[in-house]
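Structure, as structure tokens:
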Amino acid sequence: MIQADYATQAPQPPLVTCRAVGKTWDTDGAPFVALRDIDLDIARREFVVFLGPSGCGKSTLLYLLAGLEQLTQGQIVCGGAPVTRPGTDRGLVFQETSLFPWLTVGENVTFGLKMQHMPKDARRRVAEEILERVGLSEAIDKRPDQLSGGMRQRVAVGRALALKPEILLLDEPFGALDVQTRAKMQEFLTQVWQRSNVSMVFVTHDIDEAVSLADRIVVFTSRPGRIKSIIPVDLPRPRDSRSPGFHAMTDHLTDLLRDEVDRAFAEQERVR
Ligand code: ADP
Ligand code: MG
């Protein structure tokens, strides 16, 4: 009996663990340390944002999580298995969507399932279900170039969800959109996340975007990227960017980042 109680109360293991993760690029024989000593757990259903100045290694860590690049120190485990290559448990969304222009929206969403030999009728049903989730049911037979930039990014999110990932990895997915569309997309992504069981890792250099989205914000130092601080965001959703709580968070993050941005800027100037 006591054991059963224990079982129900036992905390779930994290979905992702990063232990002492580092990445050194080998550029023309000269080692270039991009990331160092990254220790991070990501819970199931958690929304984690990576925030830091340009060049601090946010994308690098995301690609390591994706298995698109190989780490040079430490270990990353996802769902109990070491990450060594891309997998359908980890969906990807980039800033520039790479939708296939010759396929319809529905065909784009289920392209990965076609590769897995899912029959056409079943794919159509998945496309309908996913496009309803991302609010684009009407667009199923349209081509990508008939959609706005924001709609194309919703298709990209849908395409990533179609493979039933455990976690979505998003690299500045709204970075190319105008400010108003961006705010709408943040609401959209929050809703998609709340209605799903996926964890999210979202890369941005935008403090407001980080506070709008995150359960926890991982603040990076300038290069070589290390974790400077992990900030929980305990504000109710949907988040109001005009609320005092929101402003307190953005002020705190601005202070945390100021030194790092100065350092990153000085380094960029030196490189030139
Ligand atoms: P962020 O996404 O935070 O802007 P990145 O992860 O893209 O930063 O880059 C971190 C550092 O690693 C940068 O200095 C960048 O120039 C370097 N870098 C990124 N990709 C490569 C690569 N393929 N080869 C060598 N250096 C790289
Ligand atoms: Mg980047």
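Take the stretch 35-58 and flag every residue that is surrounded by fewer than 20 Cβ atoms within 10 Å (Cβ to Cβ) and either within 8 Å of ligand 1 (Cβ to nearest atom) or not charged (D, E, K, R) (or both). Outline the logic, then answer.
Here is the first cut: in the stretch 35-58, the residues surrounded by fewer than 20 Cβ atoms within 10 Å (Cβ to Cβ) are 36-37, 39, 41, 43-46, 54-55.
Answer for the stretch 35-58, where residues must be surrounded by fewer than 20 Cβ atoms within 10 Å (Cβ to Cβ) and either within 8 Å of ligand 1 (Cβ to nearest atom) or not charged (D, E, K, R) (or both): Ala43, Ser54, Gly55.
Which of the residues that make up the stretch 62-72 are assigned to a loop (DSSP other than H, G, I, E, B) and surrounded by 13 or more Cβ atoms within 10 Å (Cβ to Cβ)?
Gly67, Leu68, Glu69, Leu71, Thr72
Residues checked against (1) more than 16 Å from ligand 2 (Cβ to nearest atom); (2) closer than 30 Å to Thr254 by Cβ; (3) out of contact with any Gly (no Cβ under 6 Å at 6 or more places or on another chain); (4) not small (Gly, Ala, Ser):
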| position | (1), (2), (3), (4) |
| --- | --- |
| Asp28 | yes, no, yes, yes |
| Arg36 | yes, yes, no, yes |
| Val93 | no, yes, yes, yes |
| Thr110 | yes, no, yes, yes |
| Lys114 | yes, no, yes, yes |
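Could you check the stretch 126-139 and list, in sequence order, the residues that are assigned to a loop (DSSP other than H, G, I, E, B) and crowded, with 18+ Cβ neighbours inside 10 Å?
The initial filter retains those residues of the stretch 126-139 that are assigned to a loop (DSSP other than H, G, I, E, B), namely 134-136.
Val134, Leu136, listed by residue number.
For the condition under 21 Å from the mean Cα position of the chain (by Cα), within 30 Å of Val179 (Cα to Cα) and surrounded by fewer than 18 Cβ atoms within 10 Å (Cβ to Cβ), what is the one hit in Gln146, Gln75, Gln95? So that I can check it myself, show each step before the final result.
Working: Gln146 fails: under 21 Å from the mean Cα position of the chain (by Cα); Gln75 fails: within 30 Å of Val179 (Cα to Cα).
Step by step, each of Gln146, Gln75, Gln95 is checked, and only Gln95 is under 21 Å from the mean Cα position of the chain (by Cα), within 30 Å of Val179 (Cα to Cα) and surrounded by fewer than 18 Cβ atoms within 10 Å (Cβ to Cβ).
It is to be established whether one or more residues within the stretch 73-89 are within 16 Å of ligand 2 (Cβ to nearest atom), within 15 Å of Ala160 (Cβ to Cβ) and in contact (Cβ under 8 Å) with a residue 60 or more places away in the chain. Please lay out each step first, then the result.
Of all residues in the stretch 73-89, those within 16 Å of ligand 2 (Cβ to nearest atom) come to none.
No.
Could we say that Pro53 is in a loop (DSSP other than H, G, I, E, B), within 16 Å of ligand 2 (Cβ to nearest atom) and either in contact with an Asp or Glu (Cβ under 7 Å, 6 or more places away or on another chain) or of a type outside the set (Phe, Trp, Tyr) (or both) here?
Details: in a loop (DSSP other than H, G, I, E, B): yes; within 16 Å of ligand 2 (Cβ to nearest atom): yes; either in contact with an Asp or Glu (Cβ under 7 Å, 6 or more places away or on another chain) or of a type outside the set (Phe, Trp, Tyr) (or both): yes.
Yes; evaluated as a whole, the condition is true for this residue.
Taken together, the values in this text are just the output of simple stated rules run on the coordinates, not laboratory data. Note that the structure is a prediction, hence the values are computed from the model and not measured. Every residue, glycine as well, gets a Cβ built from its backbone with ideal geometry; the counts of neighbours run over all protein chains shown.
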